[in-house]
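Where a number appears in this text, it was derived from the coordinates with a stated rule and is not lab data. Everything numeric here is computed off the predicted structure, so don't read it as measured data. For neighbour counting, all protein chains shown are included, and Cβ atoms are generated from backbone atoms with ideal geometry for every residue, glycine included.
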Amino acid sequence: MVTRDPRTYELNPFGRLAIAHAASSVGDACLTVSLAGSIFFTQSVGQSRTQVLLYLLLTLAPFSIVAPVIGPALDRSRAGRRTLMAVGCFGRAVVCFLMISQLDTVLLFPLAFVALVLSKGHAVAKSSLVPTVVRDDAELVEANSRLSLIGVIASVVGGLPAAGAVAIFDARASLFMASMMFAVAGFLAVRIRAASRPTAPETVEERAELAIPSVVFAGTAMAVMRGCVGFLTFLLAFLLKQRGEPAWVFGVVLAASATGGFVGVIVTPRVRRALREESILAASLLVAAVVALLAARDGGTLGAVAIGFTVAACSAAGRIAFDSLVHRDGPEHLRGRAFARFETRFQLSWVAGALIPVALLNVLDRRWGFFVLALTLFFAGLSYVAGLRSRGEWSPERRASPPPNPHELTDGTD
């Protein structure tokens, strides 16, 4: 009788991170649908606007905790990142369970705040864990791309049943689903491999090494893109509700966005074989700007669907290009730290962008909103290209790799 080694069926380190990330993304989708169903769709535009504005302002606060407190704590422990990811999942499981009985009370917002703090810490821990679960730095970009694809798919998988539960029952049903998924994600996170050794605190010299112009320019461009995603998300949500659009229109726009993100993640790695990372990032900004301008002229539901699809696809493409650029130009020993730092910055940009349409809801209509979006993306794209050209670093096509140095091919022995 032939027996199999049970270790054959064990997931590799990246697989464990990926499945934990997938479960957490399903939980995030359920939580998002729950909050949307409780503070957005069930109330008037004015009430929704006030509560969502408060929710977004509370979202900014976690970054004051994540950056100065959580970052150094992660550096001092081998299992710090894994522990933080597990705590983030288990904590959100408890918070979602408590929310079930507090949807109609003022306690909903403190609970939402706690969930946001845990979510931001989880995101930073996940980004920092990636370099510890791949075999070498050459796999970092592919690993981040796979996690992005997994996140998109898991969000759709979690969002559709949650939306159905809200439609049939209420937001409490999707909160219960979120609580269960976060609990599962927590158990999966505990099984992620710890780092081989603690990370030393960042020095002044290392901080200077990360300030490479190509990475700084790309990080700024990507931050603008993420801000535009947040801006568009809430602009469409409130304007569609203000016009009294039926629920299926929201569903179509969300489906278009999810499809766009999926297409961006699938296509970009292939495009990257022919074009430089800078070209992909610049094209992501400018293509989204053109479609936003056309959507501003259309002003209808078709334009909303088109811009939702395009911005999601371009954001996914830009993020993959940015990850690849950090891998290409960033110091090898600081890549994990760089990914974690920029992840925090991008999430902050998303929240800042989302605040604008919520605060200026009475000023912006759909056409003007799309026009402002187009101008912002055009300015960011052209500024990014101009900045690279001023330093002589702009070249649309992907450069061929230089021939290897024969002296680097030796193993150091005579």
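Let me make sure I get this right: for segment 81-169, a, b and c are the square roots of the gyration tensor eigenvalues over alpha carbons, sorted descending. Under 1.5 in a/c it's rounded, otherwise prolate if a/b > b/c, else oblate. Which is it? Mind showing how you got there, number by number?
Values: a/c = 3.62, a/b = 1.68, b/c = 2.16.
Judged from the Cα gyration tensor, segment 81-169 comes out oblate (a/c at least 1.5, b/c at or above a/b).
Under a plain spin-label model, where a point goes 7 Å from the Cα along Cα-to-Cβ, how far apart in nm are residue 142 and residue 187?
Each label point is offset 7 Å from its Cα along the Cβ direction, giving 3.1 nm.
Report the full-extension gain for the segment residue 390 to residue 169: residue separation times 0.36 nm, less the Cα-Cα distance, to one decimal in nm.
Once the chain is fully extended between residue 390 and residue 169, it gains 73.8 nm.
Can you check how the C-alpha radius of gyration of segment 206-392 compares to 2.2 N^0.38 Å, as a plain ratio? Write down the numbers at each step before the final one.
Values: Rg = 16.7 Å, N = 187, 2.2 N^0.38 = 16.1 Å.
Output field value: 1.04.
Given H placed on each backbone N at 1.01 Å, which residues far from residue 275 in sequence or on other chains put an amide H within less than 5 Å of it?
The answer is 398.
Using R₀ = 35 Å, calculate the FRET efficiency as 1/(1 + (r/R₀)^6) where r is the Cβ-Cβ separation of residue 328 and residue 367; round to 0.05.
Efficiency, rounded to the nearest 0.05: 0.30.
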